[in-house]
Amino acid sequence: MNGALVYFYAAGNTPPVLTPQGVAGEWKRLACLQEVQGASAGQVASHHYVVETDVLPEFEDDLNAWYAQEHLPGLAAVPGTIRAARYIDTASSPRYYACYDLAGAETLGSPEWLAVRATPWSSRVRPAFRNTGRTMFRRLSAAR
């Protein structure tokens, strides 16, 4: 697949894997900051949603507190969320990654998900995001 995005998470030191064309992809070393089991833990994730961002330096402490205390636990509690986790890349940009395993893409637009995104704290922190990307991945087949 040309232009396909693939996220691969592994603990410890993982050597790069070559693509079918023999070219190594871009690898980032992420450290897990927080992981929360979701309201739908135990279900199979059909989708994986990733938000990657930098933040203005003066908002970094507020961003980390918001994610730890409100945002990640709130989104994990939404029906359809299997797992929510945060990572940091200390070597490059974007620096922060939030990853959500979802039972279905519709979880993202559910009233419960949207309510967590619409808090006053969210409204204060989100304008400080920079270099932000959001990607929804769909599971193509079951692992064998």
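Every number here is computed from the coordinates shown, using simple stated rules; none is lab data. All of these numbers come straight from a predicted model, not from anything done at the bench. Positions of Cβ are generated from backbone atoms using ideal geometry, with glycine treated the same way; all protein chains shown enter the neighbour counts.
Name every residue in segment 57-75 that is among the aliphatic types (A, V, I, L, M), over 20 Å from Asp101 (Cα atoms) and free of Cβ contacts under 8 Å to residues at least 40 places away in the same chain, in order of residue number. Don't jump to the end; show me each part of the working.
So the first thing to find is which residues in segment 57-75 are among the aliphatic types (A, V, I, L, M), and the list is 63, 65, 68, 72, 75.
When the remaining residues are screened for being over 20 Å from Asp101 (Cα atoms), the result is 63, 65.
If the condition is that a residue be among the aliphatic types (A, V, I, L, M), over 20 Å from Asp101 (Cα atoms) and free of Cβ contacts under 8 Å to residues at least 40 places away in the same chain, then Ala65 is the only one that fits.
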Open item on the list: What pairs come out if I take residues in segment 99-118 that are farther than 11 Å from Tyr49 by Cβ and pair them with residues that are part of a helix (DSSP H, G or I) and of a type outside the set (D, E, K, R) whose C-beta lies under 7 Å away, six or more apart or interchain?
Closed with: Val116/His71; Val116/Gly74; Val116/Leu75
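Across segment 89-113, which residue is surrounded by the most Cβ atoms within 10 Å (Cβ to Cβ) among those that are of a type in the set (A, V, I, L, M, F, W, C) and under 19 Å from Glu60 (Cβ atoms)?
In the first step, residues of segment 89-113 are kept if they are of a type in the set (A, V, I, L, M, F, W, C); the result is 91, 98-99, 102-103, 105, 108, 113.
From what is left, the residues that are under 19 Å from Glu60 (Cβ atoms) are 91, 98.
Numbers: Ala91: 9, Ala98: 20.
Selected residue: Ala98.
Would a scan of segment 118-130 turn up a residue that is more than 21 Å from Leu30 (Cα to Cα) and surrounded by 19 or more Cβ atoms within 10 Å (Cβ to Cβ)? Outline the logic, then answer.
To start, the set of residues in segment 118-130 that are more than 21 Å from Leu30 (Cα to Cα) comprises 118-128.
Going one step further and asking which of them are surrounded by 19 or more Cβ atoms within 10 Å (Cβ to Cβ), we end up with 125.
Within segment 118-130 (the criterion being more than 21 Å from Leu30 (Cα to Cα) and surrounded by 19 or more Cβ atoms within 10 Å (Cβ to Cβ)), the answer is yes, since at least one residue qualifies.
Name the single residue that is surrounded by the fewest Cβ atoms within 10 Å (Cβ to Cβ) among those in segment 76-88 being farther than 13 Å from Val50 by Cβ and touching a residue at least 40 places away in the same chain (Cβ under 8 Å). First the steps, then the outcome.
Initial filter on segment 76-88 (farther than 13 Å from Val50 by Cβ): 76-82, 88.
Of the ones still in play, those that are also touching a residue at least 40 places away in the same chain (Cβ under 8 Å) are 76, 78-82, 88.
Numbers: Ala76: 22, Val78: 22, Pro79: 12, Gly80: 23, Thr81: 29, Ile82: 22, Ile88: 16.
Once the filter is applied, the top-ranked residue is Pro79.
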- [ ] Examine segment 56-73 for a residue that is touching a Leu at 6+ places or on another chain (Cβ under 7 Å) and buried (at least 17 other Cβ atoms within 10 Å of the Cβ), and state whether such a residue exists.
- [x] no
